[in-house]
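The values are calculated or read from the model by the stated rules, or taken from the named source; none is laboratory data. Owing to the predicted nature of the structure, the values given are computational and were not obtained by experimental measurement. All Cβ positions, glycine included, derive from the backbone under ideal geometry; neighbour counts span all protein chains shown. For the accessible areas, the whole protein counts, side chains as well, though only heavy atoms, and no ligand, DNA or RNA atoms are used. Shrake-Rupley method; radii C 1.70, N 1.55, O 1.52, S 1.80 Å.
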Amino acid sequence: MNMADAALPAALSDLEGLQSTVRHPLAVQRIRRLVWKLAIATLILMAIGSATRVMNAGLACPDWPLCYGTLVPTQQMNLQVFLEWFHRLDASLIGLLTMLLVGMSLWYRRSIPRWLPWASAFALLLVVFQGVLGGLTVIELLRFDIVTAHLGTALAFFVTLLVMGVALLPHQGTGTVGKLPWFSLAAALLIYVQSLSGALVGSRWALHQCLGGSQLCVVMNTHLLGVVPASLSVLILVGLAWRTPALHPSLRRLANLALGFLGLQVLLGVATYRLHLQVEPLTVAHQMIGACLLGTLVCFTALGWRDRPVSEVKSVAAQDSTDSPEPPPSGAVPV
């Protein structure tokens, strides 16, 4: 990944570093760290998968789950075989780490939120489904609908991890977020659909065929037209975030990060279109920045929904202080 692709992992690290007056149990901290590592690993895996596709390496290993009948195809190894083989290896490691996440959630179930084991199980279900789709992409010779579903499931897994990670962060809101999480959710959904549209363009080579006079111009034009509502939704969210007084600093940073990703994504899209997908790193960066933009919006949505009104926080604190017994005077002997 290039420097731009590292912006979202850096933002995730910033979120990880948020402090609160409430210290979470050690079990929650351990699971949270694993979730963030899985999210970053998934982003890298999608970059490798994108590189595999644009380098025409999707069928470099003609069999599945092995590659040329072996775990490590040393005799057949070249750049294309390495990309496909390493993509499978990385996916397997993520699968094992997800199983570890489920195991930790069950082991620490008395010390963690009740929803966490269920969310971990859902993430594992997505990984299993993703593995099935990965095998079908080879067996069905890169059929476009399976390839598109393969990316869609990877993004869903990525989003699930981000929601889990943000939900486990210590956070005390300012109560000024208002309806912004709904705007962010709408923008995230539009970006997700646009990402699937882009995957469909890539898996059907619609740009090349459209330039050659094929009817697949409908697919290409649909993706181009989808840029408008997706971009407008992000711009509206950022504008509202700028106009919201006393917005939590983390939410403000996420809004600014989304704006930066949007501008970079548009520039990469124009460059990719003008160069007819001939520069592979540009195509990979285009997909990765789209995933980073989606992840940023998801983090904004999840963190925004945790933002409680100040009055509610004060009332809870007052209730706790009322229920707590007063400390005995200095030197008093408890009876």
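Just to be sure I understand, how many residues within segment 138-197 are among the aliphatic types (A, V, I, L, M), farther than 28 Å from R30 by Cα and either in a loop (DSSP other than H, G, I, E, B) or not assigned by the TED database to the domain that holds V284 (or both)?
9
When only residues in segment 178-189 that are buried (at least 21 other Cβ atoms within 10 Å of the Cβ) and among the hydrophobic types (A, V, I, L, M, F, W, C) count, which is nearest to A291 (Cα to Cα)?
A188
For segment 196-207, what are the residues that are surrounded by fewer than 22 Cβ atoms within 10 Å (Cβ to Cβ) and of a type in the set (S, T, Y)?
Selection gives S197 alone.
Which residues, taken from segment 52-70, are touching a Phe, Trp or Tyr at 6+ places or on another chain (Cβ under 9 Å) and aliphatic (A, V, I, L, M)?
Those that are touching a Phe, Trp or Tyr at 6+ places or on another chain (Cβ under 9 Å) and aliphatic (A, V, I, L, M): A57, A60.
Being open to solvent by 10 Å² or more (accessible area, probe 1.4 Å), assigned to a helix (DSSP H, G or I) and hydroxyl-bearing (S, T, Y): is that true of S250 here?
no
Collect the residues in segment 66-84 that are among the hydrophobic types (A, V, I, L, M, F, W, C) and under 16 Å from A47 (Cβ atoms), keeping them in residue-number order.
L79, F82, L83
So which of W85, W118 is surrounded by 15 or more Cβ atoms within 10 Å (Cβ to Cβ) and either assigned to a helix (DSSP H, G or I) or acidic (D, E) (or both)?
Matching residue, one of W85, W118: W85.
Check L200, L207, L185 and return the single one that is closer than 23 Å to L141 by Cα and either out of contact with any Ser or Thr (no Cβ under 7 Å at 6 or more places or on another chain) or at pLDDT 90 or above (or both).
Selected residue: L207, the only one of L200, L207, L185 that is closer than 23 Å to L141 by Cα and either out of contact with any Ser or Thr (no Cβ under 7 Å at 6 or more places or on another chain) or at pLDDT 90 or above (or both).
Please specify each residue of segment 121-158 satisfying the condition of being among the aromatic types (F, W, Y) and surrounded by fewer than 20 Cβ atoms within 10 Å (Cβ to Cβ).
F122, F129, F144
Considering (1) open to solvent by 30 Å² or more (accessible area, probe 1.4 Å); (2) part of a helix (DSSP H, G or I), say which one P245 fails and leave the rest.
Here P245 clears every test but (2).
Please determine whether any residue of segment 55-76 is surrounded by fewer than 18 Cβ atoms within 10 Å (Cβ to Cβ), in a helix (DSSP H, G or I) and in the same structural domain as R33 (by the TED database).
No, the conditions are met nowhere in segment 55-76.
In segment 211-226, how many are part of a helix (DSSP H, G or I), surrounded by fewer than 18 Cβ atoms within 10 Å (Cβ to Cβ) and either free of Cβ contacts under 8 Å to residues at least 60 places away in the same chain or of a type in the set (S, T, Y) (or both)?
Going through segment 211-226 one residue at a time, the tally reaches 6.
Would you call I236 in contact (Cβ under 8 Å) with a residue 40 or more places away in the chain, under 23 Å from Q287 (Cβ atoms) and among the β-branched types (V, I, T)?
So I236 does not fit the description; no.
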